[in-house]
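Quick notes on the structure that follows.
The values are calculated or read from the model by the stated rules, or taken from the named source; none is laboratory data. Given the structure is predicted, the values throughout are model-derived calculations rather than measurements. Cβ: placed from backbone, ideal geometry, glycine included. Neighbour counts: every protein chain shown. What goes into the accessible areas is simple: the full protein's heavy atoms, side chains included, and nothing from ligands, DNA or RNA. Shrake-Rupley method; radii C 1.70, N 1.55, O 1.52, S 1.80 Å.
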Amino acid sequence: MTMHRHPIQTSTPALTRFSRLERTQGGVGSAVLFLPVVDSTNRRLAEMAREPMLSGTVLVADHQTAGRGKGDRPWISRPGTGLILSVLLRPARPVEELAQVTLVTAVAVADAIAAASGLRAEIKWPNDLMVGGRKLCGILCEMVLTPEGELDHIIAGIGINVQKSDDDFPAFLQGIATSIETETGKHVHRYDLLGHLIDSLEARMTEWEREGFEPARQAWSAQSCTLGREIVLTTAGAPLRGIATALEADGTLTLRDAQGQSHNVVFGEISSPPEITTHGAFPRTAPAKEENESK
Ligand code: BTN
């Protein structure tokens, strides 16, 4: 079995200004902050977390002017149509297991969407939520380590398309992104969904801390639209093509190539086939007009 790894987006602060004891622990939603407009909830919460901050703090914005997506791409949504937030997490798991946080978060978001709207989203590896091949939600987890290599915090950023109709998406996204309202025909209040999300994140993070990854692994696998499919993965090395066969107990994805060789992947991005490409995280080459329209 070949291992393909590249690091989770991490950074190490030059100066740790407060000790571990001062970094108080709280459940998800122990503090909830709202901002009408922010450049990026992930960036702003990371800046705030340089001072002592309760873990579980949630920063919600009505609108982002420079939302960040995976792979350094922008994340664009029209004001008032999405649930846009970031959560500060300090899960009590060993550092080598922390990459699992993106998968646990995806399961928690799927739980919340189901509870708020009845909609069962599928999970595209590692953590995009999809309905009928269209992207409903993107998740960006960014981890900060101490100079000693311990976890300082994780910022889990979540963008859910809630109230969009197809016309709300820029032209180049129509048909490849979707929303809860489009899929269910029901009005879902963003802050009702937020309540469910706080509950499900707290429940899944607590379950992960107490029981390990297995419950989330099973839930992820049951909702996956990646397992059993032929995919092309862009990893740190050359692209890999094969059938996604399993999400393993350690959170890695196993891919079996045409030669029958198994590859174990920690990070990467599914680049094709087209029906499961990434939607909603826009390439930097997106037309300027459409980018401006959404601001
Ligand atoms: C993806 O590329 O699929 C991840 C998108 C993540 C977007 C969310 S919106 C809230 C949070 N703040 C950001 O700047 N990005 C994340």
_Kirkwood Rh over alpha-carbon pairs of the range 149-200, then Stokes-Einstein at 20 °C and 1.002 mPa s: what D in µm² s⁻¹, rounded to an integer?_
163
*What's the Kirkwood radius of the range 129-221 in Å, using all Cα pairs?*
15.6
*Could you quote the convex hull projected area for the range 15-222, Cα atoms only and averaged over all directions, in nm²?*
11.0
*Taking the Cα centre of each part, how many Å lie between the range 186-215 and the range 38-86?*
18
*Linear extension gain, Glu148 paired with Ala92, 0.36 nm per residue minus alpha-carbon span*: 18.5 nm
*With labels modelled as points extended 7 Å from the Cα through the Cβ direction, what inter-label distance (nm, one decimal) is found for Asp257 paired with Glu230?*
1.6
*Rounded, prolate or oblate: which one fits the range 170-272, using the alpha carbon gyration tensor with axes a ≥ b ≥ c (rounded when a/c is under 1.5, else prolate when a/b beats b/c, else oblate)?*
oblate
*If R0 is 30 Å, what FRET efficiency do you get for Ala203 and Phe34 from their C-beta distance, rounded to 0.05?*
0.85
_1.4 Å probe accessible area per residue over the range 161-230, in Å²_ = 45
